[in-house]
Amino acid sequence: MKAILLLPLLLLTACTATPEAVKPLKNTSDALPRHPLVIINHGWHTGLALPADQIKHHLPTMSSGLPDAGWYEFGWGDAGYYRAEQKSLWLGARALFWPSPTVMHQVALTDHPDQSLPGTERLHHCLTDAELASLLTFLQQSYQQDADGRRLHLGSGRYGQSDFHQANGHYHLFNTCNNWTARGLQSSGMRLTAANRMTAGSLMRVARQQVSDCP
């Protein structure tokens with residue numbers, strides 16, 4: 001009973017370091033959307049993919065350690081469950097009901113996500129310069145960094161050419177990978193509420209109504 005009473009307090013304190021959505025800046029020059037973004041639904045987990053040249057140009061340290069790629073996919077989640085070779089009910093329950101450390105998962109995709117991740121649901125969206133800048137800031141703030149600004153590498157990722165790094169924020173029932181993806185989409189200018197981002201299905205349903213592919 002004591003643990004149950006303490007849980008709301010833990011949830012509140014665990015949220016303090018969570019990467020928050022970044023408000024897109026107003027465009028001061030070209031407001032034409034021209035930067036592609038792909039929203040990816042793996043079933044229970046969602047993530048975001050951007051062309052590798054955007055990452056290498058704006059955030060070069062975030063492309064280090066991985067081979068040359070056409071795109072990078074980014075995901076955020078519970079450190080224990082995400083990295084586990086064997087998933088279990090206990091790991092899933094612990095991730096949901098007790099605030100836990102998080103990781104960023106970055107995958108180097110050789111081709112466009114349509115070719116590299118054929119078994120997933122994918123939504124194509126297009127960003128302005130300002131929306132891209134805000135999303136990149138959100139991604140950068142999702143990683144824990146040392147005093148020299150270097151990401152904290154944890155090892156190889158789940159599939160393909162991928163890596164895990166320590167992330168900011170804690171994972172729990174009210175702060176899941178889908179909440180993280182929703183905050184990233186909010187950073188890119190999309191309108192989502194807390195009710196829209198509890199599950200992968202609800203997030204994709206709302207995003208589907210707002211996406212606009214690049215011309």
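The values are calculated or read from the model by the stated rules, or taken from the named source; none is laboratory data. All figures in this text were calculated on a predicted structure; none of them were measured in a lab. In this analysis, Cβ positions are derived from the backbone assuming ideal geometry, glycine residues included, and neighbour counts consider all displayed protein chains. With ligands, DNA and RNA removed, areas are computed over all heavy atoms of the protein, side chains included. Shrake-Rupley method; radii C 1.70, N 1.55, O 1.52, S 1.80 Å.
Taking L192, is it of a type in the set (A, V, I, L, M), open to solvent by 10 Å² or more (accessible area, probe 1.4 Å) and on the phi < 0 side of the Ramachandran plot? Taking the combined requirement at face value, the residue satisfies it.
For the range 178-197, the condition of being assigned to a strand (DSSP E or B) and of a type outside the set (F, W, Y) holds for none of the residues. Residues being polar (S, T, N, Q), within 16 Å of the chain's Cα centre (by Cα) and open to solvent by 10 Å² or more (accessible area, probe 1.4 Å) are represented in the range 143-158 by at least one member. Condition check: of a type in the set (D, E), in contact with a Lys or Arg (Cβ under 7 Å, 6 or more places away or on another chain), within 24 Å of P36 (Cβ to Cβ) and open to solvent by 40 Å² or more (accessible area, probe 1.4 Å). Does D129 satisfy that? So D129 fails the test. Does S134 satisfy the condition of being more than 16 Å from V22 (Cβ to Cβ), of a type in the set (G, A, S), open to solvent by less than 20 Å² (accessible area, probe 1.4 Å) and assigned to a helix (DSSP H, G or I)? No, not satisfied. If you go through the range 45-86 and pick out every residue that is modelled with pLDDT of 80 or more, among the hydroxyl-bearing types (S, T, Y) and open to solvent by 30 Å² or more (accessible area, probe 1.4 Å), you end up with 1. When the test is whether a residue is without any contact (Cβ under 8 Å) to a residue 60 or more places away in the chain and on the phi > 0 side of the Ramachandran plot, G149 does not pass it.
Summed over the range 162-177, residues that are assigned to a loop (DSSP other than H, G, I, E, B), surrounded by fewer than 21 Cβ atoms within 10 Å (Cβ to Cβ) and under 12 Å from the mean Cα position of the chain (by Cα) total 0. Look through the range 176-195, keep the residues that are over 14 Å from E20 (Cβ atoms) and out of contact with any Pro (no Cβ under 8 Å at 6 or more places or on another chain), and return whichever of them is modelled with the lowest pLDDT. Within the range 176-195, the match that is modelled with the lowest pLDDT is A195.
Results for (1) among the β-branched types (V, I, T); (2) under 23 Å from W44 (Cα atoms); (3) in contact with a Cys (Cβ under 8 Å, 6 or more places away or on another chain), shown as yes or no for each residue.
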site	(1), (2), (3)
F138	no, yes, no
R151	no, no, no
L173	no, yes, no
A182	no, yes, no
L203	no, yes, no
S212	no, no, yes
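Tell me whether the range 208-215 contains one or more residues that are on the phi < 0 side of the Ramachandran plot, open to solvent by less than 40 Å² (accessible area, probe 1.4 Å) and in a helix (DSSP H, G or I). No. List the residue pairs whose Cβ atoms are under 9 Å apart, where the first residue sits in the range 91-120 and is among the acidic types (D, E) and modelled with pLDDT of 95 or more, the second is open to solvent by less than 20 Å² (accessible area, probe 1.4 Å) and not in a loop (DSSP other than H, G, I, E, B), and the two are 6 or more positions apart or on different chains. The qualifying pairs are D114/V38.
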